[in-house]
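Worksheet for the structure shown next.
The values are calculated or read from the model by the stated rules, or taken from the named source; none is laboratory data. Please read these numbers as outputs of a predicted model, since none were measured by experiment. Note that we place each Cβ from the backbone using ideal geometry, even for glycine, and neighbour counts take in every protein chain shown. The accessibility values were calculated without ligands, DNA or RNA, using every heavy atom of the protein model including side chains. Shrake-Rupley method; radii C 1.70, N 1.55, O 1.52, S 1.80 Å.
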Amino acid sequence: AITEHFTLNFTITNLMFTTDLQTPNSRKFRSTEKIMKHYIDPLLQKSSTGPHFSGCKVTGFRSGRHGDDTKVDAVCSYKDNASLARFDREKLYQELSTMTNNVTKLGHYSLDRNSLYING
């Protein structure tokens with residue numbers, strides 16, 4: 001099996017962006033990264049990529065359109081194997097959309113419903 005990657009992007013509307021979120025070694029970055037992993041990984045485990053999914057790494061946080069929003073960028077990995085189902089980003093998008101209440105909730109965070117993006 002080959003490890004493949006896809007990007008996952010979304011915007012949190014109730015997490016105010018601060019400059020320390022841009023600094024990968026800051027306490028704020030590390031704690032927020034850990035929280036994102038806590039919410040994202042279980043969702044992906046429940047999806048059709050499930051057993052093939054091997055985790056996400058937050059690559060950065062950016063200021064959202066309104067300044068109060070925080071954009072989350074992550075790279076996720078999965079095993080690709082001829083005997084496994086092919087990665088289907090449209091199906092994954094639909095599943096994540098459903099699991100996040102139509103892209104509005106991720107744990108205690110509110111999401112911009114137009115912000116979920118998966119790039120295979």
Unmet criterion (only one of (1) under 24 Å from H108 (Cβ atoms); (2) within 13 Å of the chain's Cα centre (by Cα); (3) in contact (Cβ under 8 Å) with a residue 40 or more places away in the chain) for H5: (1)
Region 87-116 residues that are over 23 Å from E4 (Cα atoms) and at pLDDT 95 or above, paired with ones that are open to solvent by 70 Å² or more (accessible area, probe 1.4 Å) and basic (K, R) (beta carbon under 6 Å, 6 or more apart): V103/R113; T104/R113
Matching option when the condition is among the polar types (S, T, N, Q), more than 22 Å from L92 (Cβ to Cβ) and open to solvent by 10 Å² or more (accessible area, probe 1.4 Å), among T19, T3, T59, T7: T19
Long-range neighbours under 7 Å by Cβ, at least six apart or interchain, first residue free of Cβ contacts under 8 Å to residues at least 60 places away in the same chain and farther than 20 Å from G64 by Cβ within region 22-39, second among the aromatic types (F, W, Y) and open to solvent by less than 100 Å² (accessible area, probe 1.4 Å): none
Residue within region 71-82 that is in a loop (DSSP other than H, G, I, E, B) and open to solvent by 20 Å² or more (accessible area, probe 1.4 Å) present: yes
Any hit, region 4-23, residues being of a type outside the set (K, R), in contact with a Gly (Cβ under 7 Å, 6 or more places away or on another chain), in a strand (DSSP E or B) and within 13 Å of Y78 (Cα to Cα): yes
Residue count for region 55-82, restricted to those that are closer than 16 Å to T7 by Cβ and in contact (Cβ under 8 Å) with a residue 60 or more places away in the chain: 9
Subset of region 22-37 [farther than 15 Å from Y109 by Cα and open to solvent by 30 Å² or more (accessible area, probe 1.4 Å)]: Q22, T23, P24, N25, R27, K28, R30
Residues satisfying the stated conditions in region 88-103, i.e. on the phi < 0 side of the Ramachandran plot and open to solvent by 40 Å² or more (accessible area, probe 1.4 Å): D88, R89, E90, K91, Y93, Q94, E95, T98, M99
